[in-house]
Structure formats: structure tokens, C-alpha cells
Amino acid sequence: MMAGRREQRARPGRGFRLPWLALAGVAATIVAAATLVAGIGDTLDGGGPPGRLLPLHAASPPLTPPPNDPGRAPSTPVAPPESPETRLHDALVRLRLSVSRGVDAGDVRGDVGLDLTKVIEQILDRPWTPLEHRRADVGRLHQRIAVRARQGTIAGRRADELHLILDRAT
């Protein structure tokens, strides 16, 4: 029995053999990475012909027409016109933010800030309300702000800012 064990130890074992296909794959990956690094380095240091495009540049359309192309006028992006509903919604969001900042700064008393925020959020929560009704709500907000400013619970400059935000919306 001892002899059998010695024979097993004496026999050279088959160690880990890397298949040729895996070795070829590793070599191809190294060559591809080196080519990519050389190509990127070429563009970073300004080497290569000036008109040479990288693959991503060649695949994407130009952002502006070429300067010597008289047939095409440069296009300027045109923003779609803002609807009155969108303007009013944005103004109410800005108003809510201004009231919150006013409370933080001490320009708006805390309970007044809560009251105005509640009214603003009620208007924002009803986007399906006709625009005329929402404009009436804005008119009531103007009145509330004016009354609170006269009472001294909203600082004068903050009240002016709140009125200005609402005026821009309507």
C-alpha cells in the first residue's frame, strides 16, 4: 500500500493548464485596450489630422450648420409659448417659496406663513378649476397679503415681493 502512495506522489501531476482559446482572448483584449488608449491619447494631445472624427463624432449629427453653408440659416431654439395656466402655476410655486423664505427670515410671522401656504396649496391642488376662478383666488391672495402687511405680520418689502410675484402671473 505504501508503494502505491509513493507512485502517486512520484508521478508528475497535471497542473492548471490555460486553454489556448482563453490565452488568445486575453491577448486580443490587451491589443484592443492598447489601441483604444493610443487613439484617445492621440486626440487629447492634439495629434492626428485636424478633420479627423472620432467614432462618436462621426455618428452624431452636427449641432450647428457649417459656417460656410449659405443654404441653411442658423437655427435658434424657440421655446414654446407659456400658457396662462402654466404661468399661474409657476407663480404660485414661487409665491409659496417666497412665503417660506419670509418665515425663515422673520419677514412673515409663522402663523401667517402657514395660512398663506395653506391657501396657495389649495389653489395648486385644484388645477382643473377654470382659469377665471383661479384668477379670483389670486385676487383674494392679494387682499390677504395687503391686510397682513397693514397688520404688520408681513414686512413691507416682503409684501411687495409677494404682490410682484402674483402680478407677473396674471
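The values are calculated or read from the model by the stated rules, or taken from the named source; none is laboratory data. Since the model is a prediction, treat every value here as computed from it, not as a measurement. Cβ: placed from backbone, ideal geometry, glycine included. Neighbour counts: every protein chain shown. Quick note on the areas: whole protein, heavy atoms, side chains included, nothing else; ligands and nucleic acids left out. Shrake-Rupley method; radii C 1.70, N 1.55, O 1.52, S 1.80 Å.
With every protein chain in place and a 1.4 angstrom probe, the accessible-area ranking of VAL31, VAL147, largest first, reads VAL31, VAL147.
Treating r as the C-beta distance of TRP128 and LEU164 and R0 as 22 Å, the FRET efficiency rounds to 0.20. Each label was represented as a point 7 Å from its Cα along the Cα-to-Cβ direction; for SER100 and ARG144 these points are 1.6 nm apart. Note on GLU85/GLN151: beta-carbon distance plugged into 1/(1 + (r/R0)^6) with R0 of 41 Å gives a FRET efficiency of 0.80.
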